[in-house]
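The values are calculated or read from the model by the stated rules, or taken from the named source; none is laboratory data. Note that this is a predicted model, so its numbers are computed, not measured. Glycine gets a Cβ as well: all are built from the backbone with ideal geometry, and neighbour counts include every protein chain shown. Quick note on the areas: whole protein, heavy atoms, side chains included, nothing else; ligands and nucleic acids left out. Shrake-Rupley method; radii C 1.70, N 1.55, O 1.52, S 1.80 Å.
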Amino acid sequence: MTHLASHWRERLLAVLSVTGLLLAASIVAPPQSEASICKQFGYGAMCRITFGGEKSGGGGDGGDDGGESSRPPCHQGGPEYEPVPCDNDGGGTWSNERQCYVLPSEPQPDPKTPGYRPDGTYYDCLGINEDGETEQREPFWASEPPRSPIGGNLQEDLETAVGVDFLAMYPGIAPTPIPPNTDWEGQRMSTLGAWTWMWPREPLGGMFEPPRVEEPERGYYVEAKVKKLEWDMGDGKGLVTCQGIAEPYQPYMKGQTPGCGYKYDEPGSYMVKVRTTWTVDYKDESGENSIDIELPHRSVIVRVGENQVVNK
């Protein structure tokens, strides 16, 4: 009887394990590379798509819908509406209304400056000339941020196309951190001068394999990956930027150098914040574009003391 019960327990555990693996795979697996972007949006074959802009369904039999080409989300105005990249590393986000890339000026003008507006913000304006090169244009005041084609709809469209939400990574820390807003006295401390290990904990498994989908008939594609993680270690000494995959800490790694790590030189409790930046490359009716998506930070508390051993 005991042997029979043990046998069934083993079979039950095996079934549960396989079921769990299948469930995890169904949750985290991104669409295959041959997945149809038109299908992701519920459109027929040969649809026209401008991410963050207009779309048309296309013919179910693979024929063209006969409609006019969509206006690109970021453009140089009528009548041609020549497309431009929606984001510039040094210039900011494109504004169709202002016809330039817009960023708040740094530093902002002194309140004693003639024409100073206490109810507004002073913006730099980086335009594009006839040769397709960027050029500085007249800065301007605005009481509200200029409207931009890069908004939630663009991000949502890209997420729909690739089948993965662009989520903030959770901070992986060794020694074990304390969740914010808690008073947990059983935590383990880091040692002064010893490495604090840091790595990203994925909200969903497999996100470091860049998800990519394509629409072969139209040439559309979307490819997304985590570009970098910036760690504010809470001691006022700037950011630690880690790129690539940092390996999580394991007990056998004690004494090794982490792929992403930090050494505190003062004891105390530190609020560690990690900010995730995704980069998404894509092609739609407006051409090839790229956008960085910076997400709100996540945080944990790390305690650092003397004569303690980093242990996990």
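At-a-glance table
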{"item": "Which numbered condition ALA224 misses (of (1) assigned to a loop (DSSP other than H, G, I, E, B); (2) in contact with a Ser or Thr (Cβ under 8 Å, 6 or more places away or on another chain); (3) small (Gly, Ala, Ser))", "result": "(1)"}
{"item": "Residue tally, condition open to solvent by less than 20 Å² (accessible area, probe 1.4 Å) and among the polar types (S, T, N, Q), over segment 124-163", "result": "0"}
{"item": "Considering residues of segment 189-233 that are farther than 18 Å from ALA174 by Cβ and open to solvent by less than 20 Å² (accessible area, probe 1.4 Å) only, the residue modelled with the lowest pLDDT", "result": "MET207"}
{"item": "In segment 117-130, the residues that are modelled with pLDDT of 90 or more and under 21 Å from ASP89 (Cα atoms)", "result": "THR121, TYR122, TYR123, ASP124, CYS125, LEU126, GLY127, ILE128, ASN129"}
{"item": "Only one of THR93, THR121 that is of a type in the set (Val, Ile, Thr) and either under 30 Å from ALA246 (Cα atoms) or surrounded by fewer than 17 Cβ atoms within 10 Å (Cβ to Cβ) (or both)", "result": "THR121"}
{"item": "Residue in segment 53-66 that is out of contact with any Leu (no Cβ under 7 Å at 6 or more places or on another chain), part of a loop (DSSP other than H, G, I, E, B) and modelled with pLDDT of 80 or more present", "result": "no"}
{"item": "Residue in segment 229-237 that is assigned to a strand (DSSP E or B), free of Cβ contacts under 8 Å to residues at least 24 places away in the same chain and over 30 Å from SER36 (Cα atoms) present", "result": "no"}
{"item": "All positions within segment 234-265 that are under 19 Å from ALA168 (Cα atoms) and among the hydrophobic types (A, V, I, L, M, F, W, C)", "result": "LEU239, VAL240, CYS242, ILE245, ALA246, CYS260"}
{"item": "Selected residue [over 25 Å from PRO210 (Cα atoms), touching a Pro at 6+ places or on another chain (Cβ under 6 Å) and either at pLDDT 50 or above or not polar (S, T, N, Q) (or both)] from PRO72, PRO104, PRO79, PRO114", "result": "PRO72"}
{"item": "Hey, PRO139 at pLDDT 90 or above and not in a loop (DSSP other than H, G, I, E, B) or not", "result": "yes"}
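Residue-wise test of (1) modelled with pLDDT of 90 or more; (2) assigned to a loop (DSSP other than H, G, I, E, B); (3) under 30 Å from ARG218 (Cβ atoms).
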site: VAL240; (1), (2), (3): yes, no, no
site: ALA246; (1), (2), (3): no, yes, no
site: TYR249; (1), (2), (3): no, yes, no
site: TYR252; (1), (2), (3): no, no, no
site: GLN256; (1), (2), (3): no, yes, no
site: GLY259; (1), (2), (3): no, yes, no
site: ASP265; (1), (2), (3): no, yes, no
site: SER269; (1), (2), (3): no, no, no
site: LYS283; (1), (2), (3): yes, no, yes
